[in-house]
Amino acid sequence: MSQAEVLGRGNYVVNVQILRFFAAFLVVFAHAHAEVLNVAARSGGTFGGIGLLDWGLGVDIFFVISGFIMYFMMHDRFGRAGAPMDFLRRRLVRIVPLYWIFSTLMLASILAAGSLINNNGLDLRHIIASYAFIPFPRADGELFPLLSLGWTLNYEMLFYAVFALALCLRRSVGIAVMLVLFAILCTTAVLVPDQMWLIKFWGNGMIGEFLLGIGLAALYLKGYRLPLGVMLAMIVAGLALAIWLYQISAYEHVTRLITGGIPAILITAAVVLGPSAPGSRVTRALALGGDASYALYLSHPFALKIFGVVAAKLGLPLIGIFAGGLVVSIIGSIAVHLLLEKPMGAWLSRLTKPKVPVQVASATVGISDR
């Protein structure tokens, strides 16, 4: 079931789908550029930079969307019996299988040809932690899982666990508990030494972006809406702020909640609260890209690497490798979504569905949200 089918309430659905595709595309764009730079380095060529902004802004947008969707779908289920477990079941069915599949593909590629994709070595503890969504240092000391972009899902799983805990309580109490837990975690991360890397990782300020999304959902549920002019102005302001923040010298020393979270909430709020995108073939195509955004996020490293190697051997120019990598990644992700992710998700949902139905709103939402 697509997000558009699940979220039948409200006029923001298509907008969110388009935004999810845009967020995923930002990440793919940056990785496609990095892949072309690798090809250029091997061939002795040169390729221009893309240092306009931190393209990881797509991740910040994903986190805000995730907080928004989870609260929107579950806001009237706090304190209800069975809600936390049903929420977790749906999220695990949505997130885990496809991630495990691509993590296994990465593991196989490392074992078969480590120098091609990843040469950081293997550690059994790291492998287990990767599948368990627990941050653990690689051989080079970096806190990335087997599928390196899975670091974002480690934050998603933390959010899901805390959100499930909040669902055990009355809504006001549950939200307060989330705020307090995240505040304690972020404060502790600042105080502890670097050796306590697990707390350092999970205490990153960007976990506050989930809470920004929850706040946005509360505004939406209260009926707040924006006219088209304000919507467009906020999108431009969010992008301009992201560009400006990335250019200042103190960027690396400012919390991600500010450098990424503020632009992300401006853009997401504009899209969610603004008028719905008009129906057209372009809109439907972009919405399909939103449906496939999780598949795009997970599959694009493979598409970019394989296409880059083949295209370089065929002698394609670097700009052709860059553009072709983007196209192949998008087409491949749609195929993965339609042929694997969607049918597998439907089958696993039926398989894990409780025999006694639990009256909890569905939360089968995208990339992480991701």
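The values are calculated or read from the model by the stated rules, or taken from the named source; none is laboratory data. Here the structure is a predicted model, which means the values were calculated and not measured. We place every Cβ from the backbone using ideal geometry, glycine too, and count neighbours over all the protein chains shown.
Quick one: Ile199 ticks every box in (1) under 24 Å from Val27 (Cβ atoms); (2) assigned to a helix (DSSP H, G or I); (3) of a type in the set (A, V, I, L, M, F, W, C) except a single one, so which number is it?
Here Ile199 meets the rest and fails (1).
(1) surrounded by 19 or more Cβ atoms within 10 Å (Cβ to Cβ); (2) of a type outside the set (S, T, N, Q); (3) at pLDDT 95 or above; (4) under 19 Å from Leu298 (Cα atoms): which one isn't true of Val96, the others all being true?
(1)
Please state which one of Thr255, Thr283 is hydroxyl-bearing (Ser, Thr, Tyr) and over 30 Å from Leu185 (Cβ atoms).
Step by step, each of Thr255, Thr283 is checked, and only Thr283 is hydroxyl-bearing (Ser, Thr, Tyr) and over 30 Å from Leu185 (Cβ atoms).
Within 15 Å of Leu26 (Cβ to Cβ), of a type in the set (A, V, I, L, M, F, W, C) and either assigned to a helix (DSSP H, G or I) or at pLDDT 95 or above (or both), is that true of Val309?
When the stated conditions are applied, Val309 does not pass them.
Return yes when Thr187 is part of a helix (DSSP H, G or I) and closer than 30 Å to Leu304 by Cα and no when it is not.
So Thr187 fails the test.
Looking at Ile331, Ile319 in this structure, which one is within 17 Å of Arg20 (Cα to Cα) and either assigned to a helix (DSSP H, G or I) or of a type in the set (A, V, I, L, M, F, W, C) (or both)?
Sole residue among the options that is within 17 Å of Arg20 (Cα to Cα) and either assigned to a helix (DSSP H, G or I) or of a type in the set (A, V, I, L, M, F, W, C) (or both): Ile331.
Picking from Gly49, Gly45, which residue would you name as being more than 26 Å from Ile248 (Cα to Cα) and either among the basic types (Lys, Arg) or at pLDDT below 95 (or both)?
Gly45
Keeping to the range 190-206, report how many residues are touching a Leu at 6+ places or on another chain (Cβ under 8 Å) and under 15 Å from Ile134 (Cα atoms).
5
Looking only at the range 139-161, filter to residues that are more than 21 Å from Ser299 (Cα to Cα) and surrounded by fewer than 20 Cβ atoms within 10 Å (Cβ to Cβ); which one of those is modelled with the highest pLDDT?
This residue is Ala161.
Pick from the range 299-317 the residues that are aliphatic (A, V, I, L, M) and in contact with a Ser or Thr (Cβ under 8 Å, 6 or more places away or on another chain): which of them is surrounded by the fewest Cβ atoms within 10 Å (Cβ to Cβ)?
Selected residue: Ala312.
Inspect the range 203-215 for any residue being part of a helix (DSSP H, G or I), touching a helix residue (DSSP H, G or I) at 6+ places or on another chain (Cβ under 6 Å) and aromatic (Phe, Trp, Tyr) and give the result as yes or no.
Scanning the range 203-215, I find at least one residue that is part of a helix (DSSP H, G or I), touching a helix residue (DSSP H, G or I) at 6+ places or on another chain (Cβ under 6 Å) and aromatic (Phe, Trp, Tyr), so the answer is yes.
Starting from the range 60-72, keep only residues that are under 13 Å from Tyr155 (Cβ atoms), then list their pairs with residues that are in a helix (DSSP H, G or I) and of a type in the set (D, E, K, R) whose Cβ atoms are within a distance under 6 Å, requiring at least 6 positions of separation or different chains.
Cβ pairs passing all conditions: Asp60/Glu209; Phe63/Glu209; Val64/Glu209.
Can you tell me which residue within the range 99-126, out of those that are β-branched (Val, Ile, Thr) and modelled with pLDDT under 95, is surrounded by the fewest Cβ atoms within 10 Å (Cβ to Cβ)?
Ile117
Given the condition closer than 16 Å to Gly261 by Cα and of a type in the set (Gly, Ala, Ser), answer yes or no: does some residue in the range 59-77 qualify?
Within the range 59-77, one or more residues are closer than 16 Å to Gly261 by Cα and of a type in the set (Gly, Ala, Ser).
Tell me, yes or no, whether the range 243-253 has at least one residue that is of a type in the set (S, T, N, Q) and surrounded by 13 or more Cβ atoms within 10 Å (Cβ to Cβ).
no
Does the range 118-164 hold any residues that are of a type in the set (A, V, I, L, M) and part of a loop (DSSP other than H, G, I, E, B), and which are they?
Result: Leu122, Ala132, Ile134, Ala139, Leu143, Leu146, Leu147.
So is Ile258 under 23 Å from Tyr155 (Cα atoms) and surrounded by 20 or more Cβ atoms within 10 Å (Cβ to Cβ) or not?
No, not satisfied.
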